[in-house]
Amino acid sequence: MKTTRTPTTICSCGMPLDAASSAHRTPKEGDLSLCAYCGRLGAFDQNLHLKEVDEKDLPLSTQEEIAAVRRTCKQWVTKKGGN
Ligand SMILES: [Zn+2]
């Protein structure tokens with residue numbers, strides 16, 4: 001897992017987001033990211049600030065991938081004893 005520090009963005013849930021993790025690479029402009037606290041979707045701009053994205057504007061296949069990632073994250077949090 002590779003973690004990249006990014007400029008701090010405050011998610012609409014109120015939590016500061018200042019890093020992105022990926023299995024194998026650093027984020028780039030246009031990449032999507034989920035808030036680890038609330039699951040809200042954002043996209044990185046050229047300076048790696050996150051901007052909120054309306055999922056309904058994305059292709060159905062991408063919406064399905066996002067849903068799968070959220071399910072996996074929820075299972076992980078449940079196994080770790082979170083909410
Ligand atoms: Zn959030």
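Just so you know, all these numbers are worked out from the coordinates, no wet-lab data involved. No experiment lies behind these values; they were computed from the predicted model shown. Neighbour counts run over all protein chains shown; Cβ positions are idealised from the backbone, glycine included.
Observations
- The stretch 17-46, residues that are in a strand (DSSP E or B) and of a type in the set (Gly, Ala, Ser): 19, 20, 21, 22, 33, 42, 43
- Residues being within 14 Å of the ligand (Cβ to nearest atom) and in contact (Cβ under 8 Å) with a residue 24 or more places away in the chain - total across the stretch 7-31: 6
- Considering 23, 36, 43, the condition of being surrounded by fewer than 13 Cβ atoms within 10 Å (Cβ to Cβ) and small (Gly, Ala, Ser) is satisfied by 23 alone.
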